[in-house]
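See below for the structure under consideration.
The values are calculated or read from the model by the stated rules, or taken from the named source; none is laboratory data. Quick caveat: nothing in here was measured; it's all calculated off a predicted structure. Note that each Cβ is placed from the backbone with ideal geometry, even for glycine, and that neighbours are counted across all protein chains shown. For the accessible areas, the whole protein counts, side chains as well, though only heavy atoms, and no ligand, DNA or RNA atoms are used. Shrake-Rupley method; radii C 1.70, N 1.55, O 1.52, S 1.80 Å.
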Amino acid sequence: MSDPIRTRLLILGAGPAGYTAAIYAARAGLEPRLVAGLVPGGQLTITTDVENFPGFADPIQGPWLMEQMAAQAVHCGTQVIHDVITRVDLGAPPLRAIGDSGQVYEAEALVIATGAQARWLHVPGEKQLSGFGVSACATCDGFFYRGKRVAVIGGGNSAVEEALYLSNLAAHVTVIHRRDSFRAERVMQQRLMARPNVTILWDTVVDAMLPAEGGRIATLGALTLRHAKTHAITHFPIDGAFVAIGHDPATALFHGQLAMDAEGYLLTTPGSTRTSTPGVFAAGDVADKIYRQAVTAAGTGCMAALDAEKYLAHLPAPVQAVIAA
């Protein structure tokens, strides 16, 4: 077993939040260590065209954007470590994280930027067509479907919010829900029902996502739908499909050690990124179930680095042992 890697600031997660925290922390002279995790780059690595990240007049590719953030973090002085954290101990200083490699990391402060993952249907064609007609974020990708026909799959607040947003862009929105009523708030349901370009398919399940015929690149062309009660199968042509059945924050590591809400999102002090444990900060989708955008994740990454810098500045100076000659 190798000796623990000790650092003033440890960052978990290599998405917009983690990389931004690393950039700010490195520029502040904190020499942060960033553990990249299982999917360096996060959800943007499965995103094709990105048009809503400030600073780029033309569309950019999600993976390229993450490569640039990583390179900037390293250039500023961050050490990026390719490991996966499997256990943490946040009970007392130093804060400890243990990697899948067996490596132990010890830090005075910790930024958690492990993100969240969209829930998927796991039906045939979904994974292959993700980014090519299939999306889990209307705010991110709705712009590409102006004047087209789209479907939203789900029945909770997320699905209704996505459908309302898309109804301002798409020619027609079809909401597909496996039950005969929504779980969304009543006022949101009323707004959705009032939209003239929205249709709802009740008791309907998506069995498959099919590519359009004849295209040089495989893009979504239709959905295979099954009625939940009659089991009748329908071929449903569509230009885009938005899966809106919720997100799962990557917080399993922190259960019992940090305060979180009923859905598993980390709770932070309003107006800051401070969690329930001193010296531990949360940034990005791991603590944000409302906006979930790359730019807001980057913003909270900046906040977390500044909060961590202030926290570290107020820690007592380490006592230096005096060895008698």
Cleavage-rule hits, trypsin sites (Lys or Arg not before Pro), the range 182-239, DSSP coil, Cβ neighbours within 10 Å at most 11: 216, 229
What's the angle, to the nearest 10 degrees (0 to 90), between helix 294-313's Cα axis and the longest principal axis of the chain? 20 degrees
Taking 0.36 nm per residue of separation between residue 313 and residue 276 and subtracting their Cα-Cα distance, the length gained on full extension comes to 11.4 nm
Which value, to two decimals, describes the C-alpha radius of gyration of the range 24-117 once divided by 2.2 N^0.38 Å? 1.23
Where no second cysteine Cβ lies under 4.7 Å, the cysteines concerned in the chain: 76, 302
Report in % the part of the accessible area of the range 174-325 that belongs to carbon and sulfur, leaving out ligands and nucleic acids; probe 1.4 Å. 57 percent
Within the range 76-161, what whole-number % of the accessible surface is contributed by carbon and sulfur, with the 1.4 Å probe and all protein chains included in the calculation? 52 percent
Based only on the alpha carbon positions, what is the Kirkwood hydrodynamic radius of the range 145-277, in angstrom? 16.8 Å
Binned at 5 Å from zero, the C-alpha pair distances of the range 1-47 give percents of 5, 22, 26, 20, 14, 9, 3, 1
Could you tell me the convex hull volume per residue, in Å³, taken over the Cα atoms of the chain? 163 Å³
Residues of the chain: accessible area per residue at 1.4 Å, in Å²? 51 Å²
Per-residue HN-Hα couplings for the range 240-256, Karplus 6.51 cos²θ - 1.76 cosθ + 1.60 at θ = phi - 60°, whole Hz, x for Gly and Pro? x, 10, 10, 7, 10, 10, x, 10, 10, x, 7, 10, 4, 4, 9, 4, x
Can you pull out the chymotrypsin sites (Phe, Trp or Tyr not before Pro) in the range 1-79 that DSSP calls coil and that have at most 12 other Cβ atoms within 10 Å? 56
Taking the Cα centre of the chain as the origin, how large is its charge dipole in debye, to the nearest 20, when only Lys and Arg (+1) and Asp and Glu (-1) carry charge on their Cβ atoms? 600 debye
Treating the beta-carbon of each Lys and Arg as +1 and of each Asp and Glu as -1, no other charges, what is the dipole magnitude of the range 14-134 about its Cα centre, to the nearest 20 debye? 200 debye
Using 0.36 nm per residue, how much length does the chain from residue 168 to residue 203 gain when fully extended, once their Cα-Cα distance is taken away? 10.1 nm
